[in-house]
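Bear in mind these aren't lab numbers, they're just calculated from the coordinates by the rules spelled out. Worth saying up front: this structure is predicted, and the values here are computed from it rather than measured. Positions of Cβ are backbone-derived with ideal geometry, glycine not excepted, and every protein chain shown enters the neighbour counts.
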Amino acid sequence: MQETTAREQILKKIRLANMEKVDNEYSNIDLSSSIYTPLSEDLDIVFAQELNQLEGHFVYCANKEEFLDNINRLFTSNKLSKIHIKDTAIINLLSELDIKIAKKEESPHNINISVTACEALVARLGSVVVSSKQESGRQLNFIPDIHVVIANRSQIVETVKDAITLMLDKYKNDLPSMTTIISGPSRTADIEKTLVLGAHGPRSLIVFLTEDNIL
């Protein structure tokens with residue numbers, strides 16, 4: 001009986017509160033303005049700094065030749081002989097390098113390194129935006145030990161809101177069914193609060209940024 005009475009008292013208070021109209025003292029807040037202070041550096045520098053803070057790696061390439069030289073050194077130094085790529089443009093781009101590109105139907109369990117494009121780079125977060133609309137699909141972003149991303153300067157935006165605007169301009173009313181923001185390598189601190197990289201996905205994220213779109 002006491003439980004019912006307490007419940008009725010609570011509901012009565014809620015009803016009374018709904019009947020009383022209170023002026024919203026925050027009605028004049030500008031919700032459209034940026035919450036960030038202005039940046040003092042260019043977007044590419046901010047992105048590189050934030051990505052490094054997240055244990056990611058940033059490689060700047062002035063042109064296609066410099067990109068091919070840098071990524072070839074990455075493959076060689078890590079003794080990576082089989083690269084997983086689904087994007088036709090990336091396969092064509094890397095065709096002149098002495099590497100073996102895995103077949104598209106190969107088992108995901110054998111994927112050690114993947115190379116993909118992206119939708120955008122978010123400078124303030126040092127994050128990479130990918131989507132299911134990309135030719136690489138979903139698994140190449142999450143399964144391999146090393147995830148290599150190719151982007152160009154026009155894809156760098158300041159905030160997530162700007163990234164969404166970029167995708168709306170690109171896809172109009174046919175947006176991807178899945179959009180993901182990748183912030184550095186996969187990580188967890190569930191066990192004794194010790195940070196472990198690569199727990200649920202790639203242990204290394206490497207972003208190659210070129211001046212122009214080379215894909």
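On full extension of the chain, what length is gained from Lys79 through Glu20, given 0.36 nm per residue of separation minus the C-alpha to C-alpha distance? Before the final figure, lay out each step's value.
Details: separation 59, 0.36 × 59 = 21.24 nm, distance 7.08 nm.
Contour length minus the Cα-Cα distance gives 14.2 nm.
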For Ile182, Ile99, Ile156, what ranking results if the residue with the fewest other Cβ atoms within 10 Å of its Cβ goes first? Ile99, Ile156, Ile182
Relative contact order for the range 60-210 using alpha-carbon pairs under 8 Å, separation at least 6, rounded to a whole percent? 25
Sorted by Cβ density within 10 Å, fewest first, the residues Arg138, Arg73: Arg73, Arg138
Would you calculate the separation in nanometres between label points at Ser32 and Ser177, each defined as 7 Å from the Cα along the Cα-to-beta-carbon direction? 3.5
Just to be sure I understand: with springs between alpha-carbon atoms less than 10 Å apart, which residue in Asn78, Asn112, Asn63 has the highest mean-square fluctuation in the Gaussian network model of the chain? Asn78
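Just rank Met178, Met19, Met167, fewest to most, by other beta-carbon atoms within 10 angstrom.
Neighbour counts put them in this order, fewest first: Met19, Met178, Met167.
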Which angle from 0 to 90°, rounded to the nearest 10, does the C-alpha axis of helix 160-171 make with the longest principal axis of the chain? 70
Helix 43-53 sits at what angle to the longest principal axis of the chain, using alpha carbons and giving 0 to 90 degrees rounded to 10? 80
Using a basic spin-label model with each label point 7 Å from the Cα along Cα→Cβ, how many nm lie between Val160 and Glu66? 3.2
Placing +1 at every Lys and Arg Cβ and -1 at every Asp and Glu Cβ, with all other atoms neutral, what dipole size does the range 52-144 have around its Cα centre, in debye to the nearest 20? 260
Top mean-square fluctuation among Glu96, Glu66, Glu55, Gaussian network model of the chain, C-alpha springs under 10 Å? Glu96
So what is the 222 nm mean residue ellipticity for the chain from helices alone, if each DSSP H run of at least 4 adds -39500 (n - 2.57) and you divide by all residues, rounding to the nearest 500 deg cm²/dmol? -9000 deg cm²/dmol
Among Asp23, Asp174, Asp44, which one shows the highest mean-square fluctuation when the chain is modelled as a Gaussian network with alpha-carbon springs under 10 Å? Asp23
What angle, in degrees between 0 and 90 and rounded to the nearest 10, separates the Cα long axis of helix 64-77 from the longest principal axis of the Cα atoms of the chain? 90
Name the long-range amide H neighbours of Tyr60: under 5 Å, sequence gap of 5 or more, or other chain; modelled H, no Pro or chain starts. Leu209
Calculate, in nm to one decimal, what Gln139 and Leu11 gain on full extension: separation in residues at 0.36 nm each, minus their alpha carbon distance. 41.1 nm
Once both label points are put 7 Å beyond Cα along the C-beta direction, the Lys103-Ile91 separation in nm becomes 1.2
